[in-house]
1. Residues that are among the hydrophobic types (A, V, I, L, M, F, W, C), under 34 Å from the mean Cα position of the chain (by Cα) and more than 24 Å from residue B:79 (Cβ to Cβ): list the helices (runs of 4 or more DSSP H) wholly contained in region B:1-64 that include at least 2 such residues.
2. Where in region A:113-175 are there helices (runs of 4 or more DSSP H), lying wholly inside it, with at least 2 residues that are more than 9 Å from chain B (Cβ to nearest Cβ) and of a type outside the set (A, V, I, L, M)?
3. Within the set of pairs 6 or more residues apart or between chains, which connect a residue that is surrounded by fewer than 17 Cβ atoms within 10 Å (Cβ to Cβ) inside region B:104-123 to a residue that is at pLDDT below 95 and not aromatic (Phe, Trp, Tyr) with Cβ atoms less than 6 Å apart?
4. So residue A:243 passes all but one of these: (1) crowded, with 21+ Cβ neighbours inside 10 Å; (2) more than 19 Å from residue A:50 (Cβ to Cβ); (3) more than 9 Å from chain B (Cβ to nearest Cβ). Which condition number does it fail?
5. If you go through region B:166-187, how many residues are more than 17 Å from residue B:241 (Cβ to Cβ) and part of a helix (DSSP H, G or I)?
6. Considering region B:193-235 alone, what residues qualify as being within 14 Å of chain A (Cβ to nearest Cβ), buried (at least 21 other Cβ atoms within 10 Å of the Cβ) and under 30 Å from residue B:281 (Cα atoms)?
7. Kindly indicate whether any position in region B:291-301 is of a type in the set (Asp, Glu), within 14 Å of another protein chain (Cβ to nearest Cβ) and in a helix (DSSP H, G or I).
Amino acid sequence: MDFLEKAAKTLDFVGEERRVTRGQKVLRKLLENKGAVFGLIMVLGVIFSAVLAPLISPHDPILQDVEKRLLPPLGQAGANPDYLLGTDHLGRDIVSRLIYGARISIVVSVSAVAFSAVLGTIIGLFSGFYGGKIDSVFMRLADVQLAFPFILLAIAIIAVLGPNLQNIIIVMGITGWVIYARVVRAEVLSLREKEYVMAVRALGGSNGRIIFNHLLPNVVPPIIVIITLEMARMIIMEAALSFLGLGIQPPTPTWGGMLADGRVYLITSWWLATFPGLVIMLVVLGINLLGNWLRDMLDPRLTQL
Amino acid sequence: MKSYILKRLFHCIFVLIGISVVVFIILHLTGDPAALLMPMDATPEQVAQFRKEMGFTDPLLVQYWRFFQGTLHGDFGLSFRHSQPALDLVLERMPATIQLTITAMIIAMIIAVPVGIISAIRRNSILDHIGMTGALLGQSTPVFWLGIMLILVFSVTFQWFPSSGRGTLQHLILPAVTLGMFSMARTARMMRSSMLEVLGQEYMKTARAKGLSPRKVILKHALKNALIPVVTIVGMELGTLLGGAVITETIFAWPGVGRLAVQAIYNRDYPVVQAAVFLLASIFVLVNLVVDILYTYLDPRVKLG
């Protein structure tokens with residue numbers, strides 16, 4: 001008994017040590033890639049801003065102050081050092097609005113990506129595993145969906161249903177399932193003929209067991225890669241909807257909404273439209289860089305994405 | 001070959017029917033299209049009267065059949081705002097959208113293909129790094145922000161190009177560059193990886209071994225093969241461009257279908273929305289049909305399945 005316990009402890013210890021070294025290996029590889037490091041910093045920065053917005057914002061993002069309207073950013077004539085990037089047409093602090101804007105951007109895009117990933121993966125698993133009619137129905141549906149200019153369909157639907165958080169997430173989520181379904185389906189088509197799947201079947205494993213316990217774990221790496229790349233797309237999509245006035249409604253600060261406001265004051269106050277777009281671009285660039293690195297690490301075959 | 005084309009045609013018709021179902025459903029999402037279409041201040045009696053007139057009390061299938069027959073005749077109903085047939089309004093704006101989309105596509109290809117080739121030939125050189133960094137930036141920049149920044153720099157500051165409207169060549173440049181940027185970036189990266197793949201093939205060694213000049217090897221042997229995958233994505237890029245046109249046209253007040261559709265959504269002029277969405281989606285499907293058929297001629301290895 002004593003011996004067994006000792007052995008278990010030793011084994012456990014060895015396992016832990018191996019996991020640490022593997023983590024270190026990944027970390028080292030990440031640090032070797034400057035782009036991925038930049039991406040990680042951007043992503044962590046946005047998450048940090050979104051979570052800690054009330055603590056780190058210098059001002060109230062929706063507090064209007066007519067006397068302080070359209071203050072230019074630091075370094076320009078007439079700038080107020082309290083307002084690093086200036087103020088908007090209602091005297092609201094741009095920095096604080098950018099920090100709070102991260103919240104909507106993250107909440108909407110993460111939820112929409114999660115929704116579409118779950119939906120697409122399930123459809124892909126079933127289409128690939130069962131084939132036949134289920135498969136053709138879903139793949140034709142995918143073709144129909146890909147035919148639409150997404151943004152036009154999304155604004156039409158949101159305009160009908162009303163622009164609230166729930167509708168925006170659902171519409172964006174539904175439009176994203178195709179890519180997951182296609183990749184997962186292709187993967188499952190080759191996996192289902194593998195010996196280990198036959199073995200599970202021979203042992204009496206049900207279809208559900210095969211799908212969720214044996215096929216699903218194998219399609220996780222490509223799904224992770226798609227999720228990162230889709231995050232970038234969803235952030236731009238949310239901003240586009242807000243820009244068109246069909247995103248989360250004011251006074252809640254959104255990056256796209258700030259851009260739309262800034263467009264009106266473009267000639268006199270360039271900073272209004274410039275900074276929100278710059279933030280979107282840097283965040284999306286960061287996610288893309290991180291996604292490219294992840295893809296090379298996890299699944300180099302997906303270069304087409 | 002003939003059976004393949006027939007099969008693709010059949011598939012196409014299926015997708016077009018799918019598109020008409022989706023376009024029909026948009027109006028019925030809330031369950032009460034009459035409330036959606038009538039002005040906010042209409043009395044319940046007026047709404048009930050309208051519901052009856054429009055046949056919204058019939059079973060959904062009957063209504064869809066009526067809608068479907070209408071689309072076959074190009075009849076999407078009258079625009080509420082302009083009291084003209086919705087289809088005519090959309091067709092009137094179509095040339096502007098086609099002009100913008102094709103110009104954007106041409107600009108994207110003219111820049112992306114050489115950049116991709118040079119990046120591949122001079123792999124890891126300064127040129128490659130500049131090209132690919134630019135491509136990554138281009139892929140991460142939101143269309144609406146890029147458009148606004150181009151207006152800020154080239155219309156407001158330098159006054160080289162007008163910021164809105166359609167007419168002269170000058171009007172076309174900024175919107176076309178804005179719209180084409182994303183496709184340009186994606187195509188450049190695709191061209192590079194496609195070229196790198198071809199350059200690694202055995203027949204390239206053969207071509208070099210028989211003493212052909214490097215220029216001839218690249219232009220005659222590599223380029224021809226590397227372009228094949230790029231040609232297919234031209235069809236897919238068209239979808240991106242038609243979608244992007246919705247936003248680009250809104251920013252530059254370009255009188256195309258996208259802007260018309262966005263305005264119609266704001267005005268709750270749903271027949272116009274339906275006609276615009278249906279037409280844009282159909283164009284995408286038809287162009288991809290043509291590209292698919294052309295592809296089989298370009299690359300005889302394609303399995304006609």
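The values are calculated or read from the model by the stated rules, or taken from the named source; none is laboratory data. Quick caveat: nothing in here was measured; it's all calculated off a predicted structure. We place every Cβ from the backbone using ideal geometry, glycine too, and count neighbours over all the protein chains shown.
1. So the answer is B:2-28.
2. Hits in region A:113-175: A:132-147, A:165-174.
3. B:122/B:128
4. (3)
5. The qualifying residues number 3.
6. Of everything in region B:193-235, just one residue is within 14 Å of chain A (Cβ to nearest Cβ), buried (at least 21 other Cβ atoms within 10 Å of the Cβ) and under 30 Å from residue B:281 (Cα atoms), namely B:194.
7. There is at least one residue in region B:291-301 that is of a type in the set (Asp, Glu), within 14 Å of another protein chain (Cβ to nearest Cβ) and in a helix (DSSP H, G or I).
Conditions (1) surrounded by fewer than 15 Cβ atoms within 10 Å (Cβ to Cβ); (2) not β-branched (Val, Ile, Thr), marked per residue:
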{"site": "B:3", "(1), (2)": "yes, yes"}
{"site": "B:6", "(1), (2)": "yes, yes"}
{"site": "B:15", "(1), (2)": "no, no"}
{"site": "B:20", "(1), (2)": "no, yes"}
{"site": "B:25", "(1), (2)": "yes, no"}
{"site": "B:33", "(1), (2)": "no, yes"}
{"site": "B:36", "(1), (2)": "no, yes"}
{"site": "B:47", "(1), (2)": "no, no"}
